[in-house]
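Data block below; observations after.
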Amino acid sequence: MKNMEEAYIAVLREELVPAQGCTEPIALAYCAAKAREALGRVPERLRVQASGNIIKNVKGVVVPGTNGRKGIEAAAVFGAVAGSVEKKLEVLSGISDKGRRAAEEFLARPEGCTVEHLATEAKLHIIVEAYAGEDRALAEIRDRHTNLIRVERNGVLLYRGGEEEHTPEEAQVDRSFMTVDGILSFAERVDTAKIEDVIDRQIAYNSEISQEGLTHPYGACIGKTLLENFGTDVWTQARAAAAAGSDARMSGSLLPVVINSGSGNQGITVTLPVVVYARHIGADRDRLIRAVAISNLVAIHQKTKVGRLSAYCGAVSAAAGSGAAIAWLDGASREVIALTISNTLANVSGIICDGAKPSCAAKIASSVEAALIGYELAKKERSFQPGDGIVKGDLEETISAVGDLASKGMLQTDEEIIQIMIAK
């Protein structure tokens, strides 16, 4: 158990890190800041090459700290001109007024920043070239949001590979050992002192941005709309809290979130419904920490098979994690918890990811509702049966089937979504 416990803790520490704004534009900003660092001065011109999924997830979301600007050019220019490279996924936090003005002046230049669709097999792939006078620098990120694989200056390789950039938190822990049963065993037995710092930070950050979304007019105000029109029962509060966090995050809030599977929306979704329900039933802090750990790990387990970026909406995986954790908080058996996850996946696995934007909040609300329905069915011994569509006889087989659906079956869907979104 000791080695297994350490492995689950390592996964939590790797995944549950702070990020400001949507992680794809922030990855772009970070890459551009790295290119500027290599260049040694603020660039005069930028060339950005990005994979389709990066384009998809940056096109419709407000980049924090940019006075409401959207898109690749804004993310890259603000990162290159005013970003703090050492802050990584918070690269755009704390931008000065002077830096903001300089970035806006850069954006006003004709052809100051050009963007190209990068032909690559990687879903997450960014190359930023920065030019000033006769000098040229390049930075490249691939597969994970801060996974820098190459830095050059004037054709001279400054950095290659991962020894320097892969901190222990970033080096991918093998996840093949993970199962839902193993996750539950870990969460029930672990000394919470070993994980409380990362879980407490996630609860605090994500609760704060949820409150921001509930009290200010961000996006389509999905969270506020739920409470205004569907009452304030605990299930509506659970949906609204998660949706409101996304409302704020997708529409320019400067508040950071703690992510899950590389996504702030997924980090919000695995956290807030569980927090709302734990408070509703009066669960103590120890039990809340264990429940949020379950939610995170169940989501990560699913996303390991799905992949970080795809046409499959990650809110579904995250909501299934929340449903499992809520069932656990209620004292449900492992069979009921498994059925909750399976029922959720049978219901909403077809939700597409068409990029980061305000409607993500609505997809979160729908996914959390599906998880809550899944739990209500499961605790009454009602469930979708093996052979009902993608449902298998064993939960791990169902999770694998959904992974295949997302990573293989939806490849063409992903390409079509990208083409629709970038069509002039």
### Message
Quick check on A38: is it farther than 25 Å from S251 by Cα, open to solvent by less than 20 Å² (accessible area, probe 1.4 Å) and either in contact (Cβ under 8 Å) with a residue 12 or more places away in the chain or within 21 Å of the chain's Cα centre (by Cα) (or both)?
### Response
yes
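Here is a yes/no grid of residues against (1) over 22 Å from E397 (Cα atoms); (2) more than 20 Å from the chain's Cα centre (by Cα); (3) surrounded by 24 or more Cβ atoms within 10 Å (Cβ to Cβ):
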| position | (1), (2), (3) |
| --- | --- |
| G267 | yes, no, yes |
| R279 | yes, yes, no |
| D284 | yes, yes, no |
| V292 | yes, no, yes |
| V298 | no, no, yes |
### Task
Could you tell me which of the residues I352, I417 is open to solvent by 50 Å² or more (accessible area, probe 1.4 Å), of a type in the set (A, V, I, L, M, F, W, C), within 23 Å of K70 (Cβ to Cβ) and touching a strand residue (DSSP E or B) at 6+ places or on another chain (Cβ under 8 Å)?
I352
### Residue tally, condition outside any helix (DSSP H, G or I) and either surrounded by 24 or more Cβ atoms within 10 Å (Cβ to Cβ) or touching a Ser or Thr at 6+ places or on another chain (Cβ under 8 Å) (or both), over segment 310-333
5
### Task
Could you please give the count of residues in segment 53-64 that are at pLDDT 90 or above and small (G, A, S)?
0
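This table checks each residue for (1) over 20 Å from the mean Cα position of the chain (by Cα); (2) of a type in the set (F, W, Y); (3) open to solvent by less than 40 Å² (accessible area, probe 1.4 Å); (4) modelled with pLDDT of 95 or more.
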{"position": "E165", "(1), (2), (3), (4)": "yes, no, yes, no"}
{"position": "D181", "(1), (2), (3), (4)": "yes, no, no, yes"}
{"position": "K194", "(1), (2), (3), (4)": "yes, no, no, yes"}
{"position": "V198", "(1), (2), (3), (4)": "no, no, yes, yes"}
{"position": "N206", "(1), (2), (3), (4)": "no, no, yes, yes"}
{"position": "N229", "(1), (2), (3), (4)": "yes, no, no, yes"}
### Message
Tell me the residue from K87, K70 that is closer than 23 Å to I422 by Cα, at pLDDT below 95 and out of contact with any Cys (no Cβ under 6 Å at 6 or more places or on another chain), please.
### Response
K70
### Task
Output yes when any residue across segment 351-362 is over 23 Å from the mean Cα position of the chain (by Cα) and either of a type outside the set (V, I, T) or part of a helix (DSSP H, G or I) (or both), and no when none is.
no
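A quick yes/no check of all residues on (1) open to solvent by 40 Å² or more (accessible area, probe 1.4 Å); (2) among the polar types (S, T, N, Q); (3) over 27 Å from the mean Cα position of the chain (by Cα):
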{"residue": "I95", "(1), (2), (3)": "no, no, no"}
{"residue": "R101", "(1), (2), (3)": "yes, no, yes"}
{"residue": "F106", "(1), (2), (3)": "no, no, yes"}
{"residue": "K123", "(1), (2), (3)": "yes, no, no"}
{"residue": "A139", "(1), (2), (3)": "no, no, no"}
{"residue": "R142", "(1), (2), (3)": "yes, no, no"}
{"residue": "L148", "(1), (2), (3)": "no, no, no"}
{"residue": "R153", "(1), (2), (3)": "yes, no, yes"}
### Task
Quick one: which residue in G323, G307 is touching a helix residue (DSSP H, G or I) at 6+ places or on another chain (Cβ under 6 Å), touching a residue at least 60 places away in the same chain (Cβ under 8 Å), among the small types (G, A, S) and over 19 Å from A193 (Cβ atoms)?
G307
### Query
Would it be correct to say that N206 is assigned to a helix (DSSP H, G or I) and touching a Gly at 6+ places or on another chain (Cβ under 7 Å)?
yes
#### Entry: Positions within segment 381-405 being within 22 Å of G182 (Cβ to Cβ) and assigned to a helix (DSSP H, G or I), in sequence order
L395, E396, E397, T398, I399, S400, A401, V402, G403, D404
### Task
Kindly provide the set of residues from segment 272-319 that are farther than 30 Å from E415 by Cβ and either modelled with pLDDT under 95 or of a type in the set (V, I, T) (or both), ordered by number.
V274, V275, V276, I281, I289, V292, I294
#### Entry: Selection count, segment 223-262, where residues are farther than 30 Å from V11 by Cβ and touching a residue at least 24 places away in the same chain (Cβ under 8 Å)
3
### Message
Just the residues that are surrounded by fewer than 24 Cβ atoms within 10 Å (Cβ to Cβ) and either in contact with a Gly (Cβ under 8 Å, 6 or more places away or on another chain) or not in a loop (DSSP other than H, G, I, E, B) (or both), please, taken from segment 238-255.
### Response
S251, G252, S253, L254
### Message
Take the residues in segment 231-256 that are among the charged types (D, E, K, R) and at pLDDT 95 or above; name whichever of them is farthest from C22 (Cα to Cα).
### Response
D233
## Note on the structure
The residue that is farthest from S310 (Cα to Cα), considering only those in segment 368-389 that are open to solvent by less than 70 Å² (accessible area, probe 1.4 Å) and in contact with an Asp or Glu (Cβ under 9 Å, 6 or more places away or on another chain), is A378
### Summary
From the option list I300, I268, single residue qualifying as assigned to a helix (DSSP H, G or I), in contact (Cβ under 8 Å) with a residue 24 or more places away in the chain, in contact with an Asp or Glu (Cβ under 9 Å, 6 or more places away or on another chain) and not polar (S, T, N, Q) is I300
### Query
Taking segment 110-121 only, how many residues are open to solvent by 10 Å² or more (accessible area, probe 1.4 Å) and touching a residue at least 24 places away in the same chain (Cβ under 8 Å)?
8
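The values are calculated or read from the model by the stated rules, or taken from the named source; none is laboratory data. Quick caveat: nothing in here was measured; it's all calculated off a predicted structure. Using ideal geometry, Cβ is built from the backbone for each residue, glycine included, and neighbour counts are taken over all protein chains shown. Surface areas here come from the heavy atoms of the whole protein model, side chains and all, with no ligands, DNA or RNA. Shrake-Rupley method; radii C 1.70, N 1.55, O 1.52, S 1.80 Å.
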